[in-house]
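Student: Please read through the structure below; I'll follow up with questions.
The values are calculated or read from the model by the stated rules, or taken from the named source; none is laboratory data. Bear in mind the structure is a predicted one, so any value in this text is a computation, not a measurement. Here the Cβ is made from the backbone with ideal geometry for all residues, glycine too, and neighbour counts use every protein chain on show.
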Amino acid sequence: MTSSVTSLYRSYLRQVAKLPHLYLRQFFQIRARDDIDDLLQMTGRKRQQGKARWISKRVRAIERANNGNLKAFLRILDLAYGRVGKLKWELLEPLLSDKDIPLPKPIIHGVDKSRPPVYSPELQALLMSASARTSKPLERKDFAQPRTLPPRAIPPSEEARLLGPFSKRREVNIRWRFFRHEIQKVLPPFEVAVGQSQDREMDNPVSGKQLPMQHVGILRSVEELIGAPFPRPPMTRRERHSLTEDQRPSDSASAATGHPSRWVKRRYRTLLGKLPQLVYGAKGGLPKIQLSSVAHISNNPTAKNIPPADPVTNAWLGLEEKKKTNK
């Protein structure tokens, strides 16, 4: 058993080393160690065999991702960046409660467990934003009156008058089931920002929320891997020879183009479309949701980034404006 586990661990690390980004390699190196530790600590031959098959399946998925399989690579990105799996709930946990919001009254008198769920301002912003959801966003009225709650649960309604009062226990169950079902569709943020500030490393002085990976710089590292949305075309041979030593591009300028593989950069642009950021106003209030400027938004295919006009184009546009004014 020990030799087979060692072989499995080596093949796991061999595939992880081929991943195209440092964060991916670090994430799955830790994941591989945890998976093997869980396998060695299990008791019972059948449980160990089941865990070994599960790890082998993960290794094959990473191998398919390294070979260019689109579905497997997107799945690997979703796991590493908390769009699915355990990391998603670790990122979402600080946003599910708010100490500043008073607890609502119990629906069933005298039963403390019958209190309805509390929606923090951050969670409300995520639930009402199409950029932070995998399905249609909610409306503000859905927090007080869930869509799955029948009209009979409202005392002044016609259904309540004809059929009698709705079961309080059923109302509690429907409200909590709606809450758990909707938070499963939320894409949790990695970072928060305040106002229009571009400093993503700063704390949030408005609400005091501390996200687990606030200071890691995940969004910045992904944007650097993608590079500039409209990079300058490569210089011709004549342009390169005409440059002096001081005019030659530095290594940092050449690194701005991002990863050499366009296929990898397109996959990460798709990932950025699923990495929302919470932005708080300077005066507080409900935070807003924004996406990176280089993100590819799959649910809005008509949205296209337009590159900035170069000096030559601006000159031609200025001539056209002068011709129109002279007429």
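Student: Is it true that THR313 is assigned to a loop (DSSP other than H, G, I, E, B), farther than 30 Å from PRO121 by Cα, among the hydroxyl-bearing types (Ser, Thr, Tyr) and at pLDDT below 80?
Tutor: No.
Student: Tell me which of these LEU275 doesn't satisfy, since it passes every other one: (1) at pLDDT below 90; (2) assigned to a loop (DSSP other than H, G, I, E, B); (3) of a type outside the set (Gly, Ala, Ser).
Tutor: Only one criterion in (1) at pLDDT below 90; (2) assigned to a loop (DSSP other than H, G, I, E, B); (3) of a type outside the set (Gly, Ala, Ser) is unmet by LEU275, namely (1).
Student: Which of the residues spanning the range 139-195 are of a type in the set (Val, Ile, Thr) and crowded, with 16+ Cβ neighbours inside 10 Å?
Tutor: Result: VAL172, ILE174, ILE183, VAL186, VAL192, VAL194.
Student: Kindly indicate the residue of the range 86-127 that is of a type in the set (Asp, Glu) and either assigned by TED's automatic domain parsing to the domain that holds PHE166 or in a loop (DSSP other than H, G, I, E, B) (or both) and also surrounded by the most Cβ atoms within 10 Å (Cβ to Cβ) among those meeting that condition.
Tutor: GLU122
Student: Which of (1) surrounded by 14 or more Cβ atoms within 10 Å (Cβ to Cβ); (2) charged (D, E, K, R); (3) assigned to a helix (DSSP H, G or I) does ARG83 not meet, given it meets every other one?
Tutor: (3) is the only condition that ARG83 fails.
Student: In the range 54-71, what residues are of a type in the set (Gly, Ala, Ser) and buried (at least 17 other Cβ atoms within 10 Å of the Cβ)?
Tutor: Once the filter is applied, which keeps residues that are of a type in the set (Gly, Ala, Ser) and buried (at least 17 other Cβ atoms within 10 Å of the Cβ), the range 54-71 yields ALA61, ALA65.
Student: Another question, then. Just to be sure before I move on: is LEU95 within 30 Å of GLY273 (Cα to Cα), at pLDDT below 95 and touching an Asp or Glu at 6+ places or on another chain (Cβ under 8 Å) in the structure I sent?
Tutor: yes
For every residue, the table says whether it meets (1) closer than 24 Å to VAL222 by Cα; (2) among the β-branched types (Val, Ile, Thr).
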residue	(1), (2)
VAL16	yes, yes
ASP35	no, no
ALA61	yes, no
ASN66	yes, no
LEU70	yes, no
LEU92	yes, no
LEU95	yes, no
LEU103	no, no
LYS113	no, no
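Student: Evaluate the following for LEU77: is it under 24 Å from PRO188 (Cα atoms) and not basic (Lys, Arg)?
Tutor: yes
Student: Do we find that GLN210 is touching a helix residue (DSSP H, G or I) at 6+ places or on another chain (Cβ under 7 Å) and either modelled with pLDDT under 85 or among the polar types (S, T, N, Q) (or both) in this structure? Reasoning before the result, please.
Tutor: Values: touching a helix residue (DSSP H, G or I) at 6+ places or on another chain (Cβ under 7 Å): yes; either modelled with pLDDT under 85 or among the polar types (S, T, N, Q) (or both): yes.
Yes: the conditions hold for GLN210.
Student: Being exposed (fewer than 10 other Cβ atoms within 10 Å of the Cβ), modelled with pLDDT of 75 or more and either of a type in the set (Phe, Trp, Tyr) or part of a loop (DSSP other than H, G, I, E, B) (or both) is the filter here, so list the residues in the range 239-272 that pass it.
Tutor: Result: PRO260, single match.
Student: Can you tell me how many residues in the range 155-172 are outside any loop (DSSP other than H, G, I, E, B), modelled with pLDDT under 90 and not charged (D, E, K, R)?
Tutor: From the range 155-172, those outside any loop (DSSP other than H, G, I, E, B) are 158-163, 168-172; that's our starting set.
Then keep just the ones that are modelled with pLDDT under 90; that gives 158-163.
So of that shortlist, the ones also not charged (D, E, K, R) come out as 160, 162-163.
So the answer is 3.
Student: Right, next: Check whether at least one residue in the range 128-136 is part of a loop (DSSP other than H, G, I, E, B), among the hydroxyl-bearing types (Ser, Thr, Tyr) and either surrounded by 16 or more Cβ atoms within 10 Å (Cβ to Cβ) or touching a residue at least 60 places away in the same chain (Cβ under 8 Å) (or both), and report yes or no. Quick ask: steps written out before the conclusion?
Tutor: Start the filter on the range 128-136 by keeping residues that are part of a loop (DSSP other than H, G, I, E, B), which leaves 128-129, 134-136.
Applying the additional criterion that residues be among the hydroxyl-bearing types (Ser, Thr, Tyr) yields 129, 134-135.
In the following step, the residues that additionally are either surrounded by 16 or more Cβ atoms within 10 Å (Cβ to Cβ) or touching a residue at least 60 places away in the same chain (Cβ under 8 Å) (or both) were identified as 129.
Within the range 128-136, one or more residues are part of a loop (DSSP other than H, G, I, E, B), among the hydroxyl-bearing types (Ser, Thr, Tyr) and either surrounded by 16 or more Cβ atoms within 10 Å (Cβ to Cβ) or touching a residue at least 60 places away in the same chain (Cβ under 8 Å) (or both).
Student: Right, here's the next one. Output yes when any residue across the range 46-53 is in contact (Cβ under 8 Å) with a residue 40 or more places away in the chain and surrounded by 13 or more Cβ atoms within 10 Å (Cβ to Cβ), and no when none is.
Tutor: Yes, the range 46-53 contains at least one residue that is in contact (Cβ under 8 Å) with a residue 40 or more places away in the chain and surrounded by 13 or more Cβ atoms within 10 Å (Cβ to Cβ).
Student: Now, a different point. Take the residues in the range 278-297 that are in a loop (DSSP other than H, G, I, E, B) and of a type in the set (S, T, N, Q), then tell me which one is modelled with the highest pLDDT.
Tutor: Only one residue tops the list, namely SER292.
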